[in-house]
Amino acid sequence: MSDAITLTGLYKTAESRGKTQSLRALVSSIRRYMSPVALVCLWQVACSLGVLSTRLVASPIQIVVTGWTLVHDGTLPFNLGVSLLRAGSGLGVAITLGVVLALISGLSRIGEDVVDAPLQVLRTLPALALVPLFILWFGIGETPKILLVALGATFPIYLNLHKGIRSIDPKLVEMASTLGLSRWQTIRDVFLPGALPDFLTGLRYAVGVSWLMLVVAEQVNAESGIGHMMMDAQDFLRTDIILVGLLVYGVLGLISDQIVRFLESTLLAWRPDGRKGRKA
């Protein structure tokens, strides 16, 4: 009888601790978002009192109303779809190029001599300076926009994956050779899994860079997309539409970053610190 009472007490204590931890997590989440909410409220009050001119900075209420109107009439979904297609295509090209070039450069000294120097030169060139050349070479269609996104996103993937490949323990390579693995099997079973953490780090940076490059690409001879929508709004002094576009870019960046973080926690669950990373 006493054992049953003890087990019941332990169960209630564990349940109470679980509720306490959940309550603390809820309070922590609320506290984290209190400052942004307070800033938005101050922004709205300043616009309502005339401290901030709504012609220069639209109020949060105006932004919400404008965003709903753009969603309702189909303008925002259409331009968002175009932007997502451009960013996704450019990122896909960047991943392919970054992985191939990193393998060539990381697995061979000769490959590094051939590939690394030109990429380092290209990496230092400002994107805006390349826009006229891209238009001259590829016209004013979708190709230069996708290639601009790909150009910016390739370098983080290449640099991080190259670092990961060069950081592989030589003993693992020797072990693969001892086991009789072919070159391709060594790349597949040793180099790629070992460099995966660095690749995902590069991918996380590349996703952010792809959105930045998309902003540049869509403001040059574009007929659709979020950037084009913002440029049209600039001509009519519609700061509310411009801020809606900026908000969309920010939300897209946040969502894409969370997707990459989820991939990290899933694909790197085998690491000893993987569980700690998920808790953090």
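Select from segment 153-170 the residues that are of a type outside the set (Val, Ile, Thr) and buried (at least 24 other Cβ atoms within 10 Å of the Cβ) and write down the one among them that is farthest from Val215 (Cα to Cα).
His162
Please determine whether any residue of segment 176-184 is buried (at least 17 other Cβ atoms within 10 Å of the Cβ) and at pLDDT below 80.
Yes, segment 176-184 contains at least one residue that is buried (at least 17 other Cβ atoms within 10 Å of the Cβ) and at pLDDT below 80.
Can you give me the ranges of the helices (runs of 4 or more DSSP H) entirely in segment 126-194 with at least 2 residues that are over 27 Å from the mean Cα position of the chain (by Cα)?
Answer list for segment 126-194: 127-138, 170-178, 183-186.
Among the candidates Ala102, Ala58, Ala87, Ala117, single out the residue that is closer than 23 Å to Val216 by Cβ and of a type in the set (Gly, Ala, Ser).
Testing whether each residue is closer than 23 Å to Val216 by Cβ and of a type in the set (Gly, Ala, Ser) leaves just Ala87.
Based on this model, can you work out whether Val93 counts as under 30 Å from Arg183 (Cβ atoms), under 20 Å from the mean Cα position of the chain (by Cα) and at pLDDT 90 or above?
Criteria met by Val93.
The values are calculated or read from the model by the stated rules, or taken from the named source; none is laboratory data. These numbers were taken from a predicted model, which means no experiment stands behind them. All Cβ positions, even for glycine, are placed from backbone atoms using ideal geometry, and neighbour counts span all protein chains on display.
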